[in-house]
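Asks: Submitted below is the structure of interest, expressed as structure tokens.
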Amino acid sequence: MKHVVITGANRGIGFQFAKQYCDAGYNVTAVCRNNSKQLTELDVTIIEGIDVTKAADLLRMQESIGDTTVDILINNAGLLNKDELGEIDAGSLRAQYEVNAIAPLRVTEALLDNLHDGSKVALITSRMGSIADNGSGSRYGYRMSKAALNAAGKSLALDLKDQGIAVVLLHPGYVQTDMVGHRGDISASEAAQRLIQRIDELDMEKSGRFFHSNGEELPW
């Protein structure tokens, strides 16, 4: 049975990842800061109380997973704040960098020994991290942190290539989640379904590339 580890798994896209992989017969480890009733109803292993920005919590996550092989690692936890020019809060920018850019790299590093030839690492990013695609400005912390995540993902793909581990940057779409006040174009369920398809299709040829959940390749 293949093992998938998902961060930010208590709600939104993360919960849908957990549910859909569980329904498909995977062994699912759901990592979250705060557990949720809907998550506890799934037949998954839950590691709660994990703040992905804290070294001690990442160590506890690592110890909980132990030497279990990880076939798919999905770095899904994210933070979106509203940063407008003239009202920039440096603390807000730093918080988004910690969660969106630094934490996925640290989570991946913490589980390196669990990954193997054929494992896949998915980084849930955003087209708002694309410099070429920016047509509306603002959202400084989110855009900057997701661009940094994209840079980290590209480097990870190169560093893990010789181990046969594929890495992909994935934009879910504009999804109806708490993060955007449920104003999105597609449901979290549909977004997760599309993203799972992209992960299924991931191979070494696609490693290090940036895709929309609909399969379109996005510009950096």
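Asks: Please compute the contact order of the range 126-220 in relative form: average sequence separation of alpha-carbon pairs under 8 Å and at least six residues apart, divided by the residue count, as a percent.
Replies: Averaging sequence separation for qualifying contacts and normalising by length gives 33 percent for the range 126-220.
Asks: As a test, work out the antiparallel percent of DSSP beta bridges whose residues both lie in the chain, rounded to the nearest 5. Walk me through the numbers on the way to the answer.
Replies: On the way: 1 of 27 bridges.
Just about 5 percent of them are antiparallel.
Asks: For the chain, what is the mean residue ellipticity at 222 nm derived from helices alone (per DSSP H run of n ≥ 4: -39500 (n - 2.57); sum divided by total residues; nearest 500 deg cm²/dmol)?
Replies: Roughly -10500 deg cm²/dmol at 222 nm, from the helical runs in the chain.
Asks: Let me ask you something else. Taking +1 at the Cβ of each Lys and Arg and -1 at the Cβ of each Asp and Glu, which of Leu218, Tyr140, Gln96 sits farthest along the dipole of the chain towards its positive end, judged by Cα position relative to the Cα centre?
Replies: The residue sitting farthest along the positive end of the dipole is Tyr140.
Asks: Would you work out the relative contact order for the chain, in percent, from Cα pairs under 8 angstrom that are 6 or more residues apart?
Replies: After rounding, I find 18 percent.
Asks: Hey, what do the phi angles of the range 59-70 turn into as Karplus ³J(HN,Hα) couplings, whole Hz, using 6.51/-1.76/1.60 and θ = phi - 60°, x for Gly and Pro?
Replies: 5, 5, 4, 4, 5, 5, 6, x, 9, 5, 5, 10
Asks: What does the net charge come to around Ile74 if you take all other residues with beta carbon closer than 12 Å to its beta carbon, with K and R at +1 and D and E at -1?
Replies: +1
Asks: Test of understanding: ordering His116, His3, His171 by Cβ neighbours within 10 Å, fewest first, what list do you get?
Replies: Ranked by crowding around the Cβ, least crowded first: His116, His3, His171.
Asks: Please give me the summed charge of the neighbours of Phe210: other residues whose Cβ is under 9 Å from its Cβ, Lys and Arg +1, Asp and Glu -1.
Replies: Numbers: positive: Arg127, Lys154, Arg209; negative: Glu217.
Around Phe210, the surrounding residues sum to +2.
Asks: Work from the charge dipole of the chain (Cβ charges, +1 for Lys and Arg, -1 for Asp and Glu, about the Cα centre) and give the residue of Ser187, Gln20, Gln38 farthest towards its positive end.
Replies: About the Cα centre, the residue reaching furthest to the positive side is Ser187.
Asks: So if I place +1 on the C-beta of Lys and Arg and -1 on the C-beta of Asp and Glu, and nothing else carries charge, what would the dipole magnitude of the range 3-212 be about its Cα centre? I want it in debye, nearest 20.
Replies: Numbers: 21 positive and 27 negative charges, 114 e Å.
Approximately 540 debye in magnitude.
Just so you know, all these numbers are worked out from the coordinates, no wet-lab data involved. A quick note: this is a predicted structure, and the numbers were derived from the prediction, not measured. Cβ sites come from the backbone with ideal geometry, for glycine too, and all protein chains shown count toward neighbours.
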